[in-house]
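K.L.:
Quick one: this structure, given as structure tokens, is what I'll be asking you about.
The values are calculated or read from the model by the stated rules, or taken from the named source; none is laboratory data. Only a predicted model underlies this, so the values are computations on that prediction, with no experimental measurement involved. Because the Cβ atoms are built from the backbone with ideal geometry, glycine has one as well, and the counts that use them run over all protein chains shown.
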């Protein structure tokens, strides 16, 4: 499937080989993504979803809010600081250093708005190493939301939250971004929340179709290993 | 999930992060350091520091090496002699120290052995040398023992700890009750062997620095030539010597191979046999008469006089010397930290490309190759004796060592692909992740900083070394001896304090490159 006619083209890959030495490699990638799309990337773990997302992030680093699976939060800094890191590029360095030493009221207010949406306000000044896995994941999402960018790329952004929170968070991300690309392990969630599904199998894109043409059963073959 | 909050985060100014206690400690260390500096002696007393600086700078860019004028095999005999002597003292001293230390480490679990080792390593090489000179004179034996004895105390502790930290299961699974020597060697010692060899290598580098510094009190190592060149105002010659010394340290990893060590050692024994012509009566007299408090030597013993003698030392040497030493140590602590934090990015691939960090590494290598004592000596020529040369030397040398290790740690941090760059990366990504290790390194170094501060007194600062050196110069060996003991007690106290603080802040990693 190609991008809808009214949108501008964001990504266009033709016969690309993606991946580095220690990553899963993807072969023959042909992909066009337009603005306004809601895309779910599915496939077994290790199939190369993360490689593709990282590559897309690298193509447009200044407009993509990126939410990697290994979140890379700074463990000894507070939730507040880790979320603020999303905006570092928008401030002069002295302001960032000042805010590191003494959180600025303006930033606390702005970040509180984001954490309220994620129902996560009481741990603003607690360091990441004292949070649970699910809480850390929400900090990671809050940081991406705080960037206020038009494209969201998230690698299993809700894997550590429960189903209902996961759905809420996915729709919140959808409301805040024009274009959304997720890697998801929950196929049902993928079908319900995205219009386009890209399925990866055996290091290649195996499916690229609108979600209304697909069902959970029709996608299950992605996860079945077969002998070649 | 989230509780209904009773307070808005706006009023929530108290951070509850695992970094906040470290931050608070750092702030206080800086405040105390600045406060103490306020009372410190920072006056510049040389008449024209700019002129001496210009001369030194000119010397630095026109290095030369004095050549031999008569009866030499080659033109460079004096320099080669000095280098070979420096290396001989270091190799023999470190070998003897390692052998003695290995023996002591086997019985290190006994309290009395621990205490003995703590005392012998709390006394600096230069103080040992000053003691041995009285007995053995300016002989190779003095040089070798001055290095071997304090190093033995350190080796004993580090060997013991390295073996103690190895996994006990291999031994226990073979024979849980009866542990034979060979079982211990196979099961425990061999696990620690790579670290032990690495530590030996590091200590050899330290010993070469110690050996060079011994020249400043008269032993014929490179420090002796360096001091006389500086004192005679021949700054090109001193630059030449200093560069040669840095080159020697910088190339260690190429020429100091463990397989070649027996050959080097044999050569050094042939070159400079560790012997001394001394009379047993001298040794006996030194131990039973010279270092005994003078009032105790008088035949009708008078308690009053002993009290006066002791009061005199405490009031006029020990207390002012300790205050000065601790004062400089307290300022040098945050200053060393600051230097380390400013320098490490230069050698870190988080901030510069690989080919650029090599220059940073080179700068750090030079800064840590020159011993504090020599750095302080040079700055003292320019500014005269005050706290400034001591603070400069201590913070540059130790800061460069910490910076080198921090750079290595930072190179191994993997950041996410969208991580920020430059100063933002420094403040938000790298510094918080490094800070705990940074403080641990700084605490380890602080103990060494205090040891060295005491020694810098020999250069004319009024730290403990000043009073010890003056006592030696006026042949009051009894006073020198008691002051050395007091210095050792201070060092042991600093070691304990550093340990307590490391535990308190849960900084328990043991970077052996830093223990002395």
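K.L.:
Test residue A:195 against the criterion of being away from chain B (no Cβ under 14 Å) and within 15 Å of the chain's Cα centre (by Cα), and give yes or no.
P.N.:
no
K.L.:
Also, I was wondering about something else. Starting from residues that are surrounded by 15 or more Cβ atoms within 10 Å (Cβ to Cβ) and within 13 Å of chain A (Cβ to nearest Cβ), keep the ones in segment B:24-43 and report whichever is modelled with the highest pLDDT.
P.N.:
B:30
K.L.:
Being assigned to a helix (DSSP H, G or I), crowded, with 16+ Cβ neighbours inside 10 Å and touching a helix residue (DSSP H, G or I) at 6+ places or on another chain (Cβ under 7 Å), is that true of even one residue in segment B:174-181?
P.N.:
Within segment B:174-181, none of the residues are assigned to a helix (DSSP H, G or I), crowded, with 16+ Cβ neighbours inside 10 Å and touching a helix residue (DSSP H, G or I) at 6+ places or on another chain (Cβ under 7 Å).
Residues are listed down the side, and each one gets a yes or a no for (1) in contact with a helix residue (DSSP H, G or I) (Cβ under 9 Å, 6 or more places away or on another chain); (2) within 26 Å of residue A:27 (Cβ to Cβ); (3) in a helix (DSSP H, G or I):
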position	(1), (2), (3)
A:120	yes, no, no
A:138	yes, no, yes
A:141	yes, no, yes
A:153	yes, yes, no
A:167	yes, no, yes
A:180	yes, yes, no
A:212	yes, no, yes
A:218	no, yes, yes
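K.L.:
Looking at A:10, A:56 in this structure, which one is assigned to a helix (DSSP H, G or I) and under 14 Å from residue A:181 (Cα atoms)?
P.N.:
Only one candidate qualifies: A:56.
K.L.:
Residue by residue through segment B:273-309, note down the ones that are within 17 Å of residue B:133 (Cα to Cα) and touching a residue at least 24 places away in the same chain (Cβ under 8 Å).
P.N.:
B:273, B:274, B:275, B:276, B:277, B:278, B:282, B:283, B:286, B:290, B:291
K.L.:
Moving on. Pick out the one residue from A:108, A:83 that is within 8 Å of chain B (Cβ to nearest Cβ) and either part of a helix (DSSP H, G or I) or under 22 Å from residue B:418 (Cα atoms) (or both).
P.N.:
The conditions single out A:108.
K.L.:
Is it the case that some residue within segment B:456-479 is within 14 Å of chain A (Cβ to nearest Cβ) and under 28 Å from residue B:119 (Cβ atoms)?
P.N.:
No, segment B:456-479 contains no residue that is within 14 Å of chain A (Cβ to nearest Cβ) and under 28 Å from residue B:119 (Cβ atoms).
K.L.:
Going by the structure shown, is residue A:41 modelled with pLDDT of 90 or more and at the interface with another protein chain (Cβ under 7 Å from one of its Cβ atoms)?
P.N.:
no
K.L.:
A follow-up question, please. Could you tell me whether residue B:266 is closer than 23 Å to residue B:141 by Cα, without any contact (Cβ under 8 Å) to a residue 24 or more places away in the chain and over 24 Å from the mean Cα position of the chain (by Cα)?
P.N.:
yes
K.L.:
Of everything in segment A:124-133, what is in contact (Cβ under 8 Å) with a residue 24 or more places away in the chain and within 8 Å of chain B (Cβ to nearest Cβ)? Give them in sequence order.
P.N.:
Listed by number, the residues that qualify are A:124, A:125, A:126, A:127, A:129.
K.L.:
Any residue in segment B:343-362 that is in the same structural domain as residue B:419 (by TED's automatic domain parsing), closer than 23 Å to residue B:477 by Cα and at pLDDT 95 or above?
P.N.:
Looking through segment B:343-362, none of the residues is in the same structural domain as residue B:419 (by TED's automatic domain parsing), closer than 23 Å to residue B:477 by Cα and at pLDDT 95 or above.
Conditions (1) at the interface with chain B (Cβ under 10 Å from one of its Cβ atoms); (2) surrounded by fewer than 20 Cβ atoms within 10 Å (Cβ to Cβ); (3) at pLDDT 90 or above, marked per residue:
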| residue | (1), (2), (3) |
| --- | --- |
| A:60 | no, yes, yes |
| A:104 | no, yes, yes |
| A:154 | no, no, yes |
| A:162 | yes, yes, no |
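K.L.:
Something else: Given the options B:383, B:364, name the one that is away from every other protein chain (no Cβ under 14 Å), surrounded by 17 or more Cβ atoms within 10 Å (Cβ to Cβ), touching a residue at least 40 places away in the same chain (Cβ under 8 Å) and over 13 Å from residue B:344 (Cβ atoms).
P.N.:
Sole residue among the options that is away from every other protein chain (no Cβ under 14 Å), surrounded by 17 or more Cβ atoms within 10 Å (Cβ to Cβ), touching a residue at least 40 places away in the same chain (Cβ under 8 Å) and over 13 Å from residue B:344 (Cβ atoms): B:383.
K.L.:
Can residue B:17 be described as at pLDDT 70 or above and either under 30 Å from residue A:111 (Cβ atoms) or within 14 Å of chain A (Cβ to nearest Cβ) (or both)?
P.N.:
yes
K.L.:
Take the residues in segment A:64-80 that are assigned to a loop (DSSP other than H, G, I, E, B) and over 13 Å from the mean Cα position of the chain (by Cα), then tell me which one is surrounded by the most Cβ atoms within 10 Å (Cβ to Cβ).
P.N.:
For segment A:64-80, the residue satisfying everything is A:77.
K.L.:
With a cut-off of at least 1 residues that are at negative phi and without any contact (Cβ under 8 Å) to a residue 12 or more places away in the chain, name the helices (runs of 4 or more DSSP H) lying wholly within segment B:405-516.
P.N.:
B:464-473, B:477-504
K.L.:
Test residue B:401 against the stated conditions and say whether it is closer than 30 Å to residue B:128 by Cβ, surrounded by 23 or more Cβ atoms within 10 Å (Cβ to Cβ) and in contact (Cβ under 8 Å) with a residue 60 or more places away in the chain.
P.N.:
no
K.L.:
Another one. Looking at segment A:63-80 only, could you name the residues that are modelled with pLDDT under 90 and more than 8 Å from every other protein chain (Cβ to nearest Cβ)?
P.N.:
Once the filter is applied, which keeps residues that are modelled with pLDDT under 90 and more than 8 Å from every other protein chain (Cβ to nearest Cβ), segment A:63-80 yields only A:69.
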